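Have a look at the structure below before the remarks.
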Amino acid sequence: MSVIKLSHAEAKKLMDSDRELIVVDVRTREEFEENHIDGARLIPLDTLRDKAELMLPDKNSRIMVYCRSGKRSRQAAEILDGLGYVSIYDMGGLIDWPFELIM
């Protein structure tokens, strides 16, 4: 499996240093509208398998996934890995994200 688990500090450092990193929120639209990481793309977990190749066409892109608690992000990382994406980062959930969010 080509998934790298990141701490929040590691995820923030990667987002700040890698402008090509694609950040994907796999929560529901309602959760996303409450708050999300600036620049994140919403692809709810229940649509990820069907929409990934359309919304994330380059399977060599660096992709970081997150959710609320970490369960859905882990599932999303497994789905992307199964679809052939090669550089996947799982930062877990936003429950204790210490950095700024868009409200």
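Based on DSSP H segments of at least four residues, each scored -39500 (n - 2.57), the chain has a per-residue ellipticity at 222 nm of -11000 deg cm²/dmol. Among Asp81, Asp25, Asp16, whose mean-square fluctuation peaks in a Gaussian network model of the chain (Cα, cutoff 10 Å)? For the chain, modelled as a Gaussian network with Cα springs under 10 Å, the answer is Asp16. Net charge around Leu101, counting only other residues with Cβ within less than 11 Å of its Cβ (Lys, Arg = +1; Asp, Glu = -1)? Surrounding charge for Leu101 is -4.
Can you list the residues of segment 26-66 with backbone N under 20 Å from a point 7 Å past the Cα of Asp96, pointing along Cα to Cβ? Within reach of a label on Asp96: 36-37, 65-66. In a reduced charge model with +1 at each Lys and Arg Cβ and -1 at each Asp and Glu Cβ, segment 3-93 shows a dipole moment near 200 debye about its Cα centre. Calculate, for Asp46 and Ser69, the FRET efficiency according to 1/(1 + (r/R0)^6) with r their C-beta to C-beta distance and R0 22 Å; round to the nearest 0.05. Once the sixth-power term is evaluated, E becomes 0.85.
With a/c under 1.5 counting as rounded, go ahead and sort segment 3-93 into rounded, prolate or oblate using the C-alpha gyration tensor (a ≥ b ≥ c being the square roots of the eigenvalues; past the cut-off, prolate if a/b is larger than b/c, else oblate). It is rounded, given that a/c, with a ≥ b ≥ c, falls under 1.5. May I ask you to list the residues of segment 1-34 whose amide nitrogen lies under 12 Å from a point 7 Å from Cα along the Cα→beta-carbon direction of Asp58? Those under the cut-off are 19-22.
Can you check what the net charge comes to around Tyr66, using other residues whose Cβ is under 9 Å from the Cβ of Tyr66 (Lys, Arg +1; Asp, Glu -1)? List each step's numbers first, then the result.
Numbers: positive: Arg27, Arg68, Arg72; negative: Asp25, Asp90.
Net of charged neighbours comes to +1.
Ordering Met91, Met15 from the fewest to the most neighbouring beta carbons within 10 Å gives Met15, Met91.
A short reminder: the numbers here are calculations on the coordinates, not readings from a lab. This is a predicted model, so every value here is computed, not measured. For neighbour counting, all protein chains shown are included, and Cβ atoms are generated from backbone atoms with ideal geometry for every residue, glycine included.
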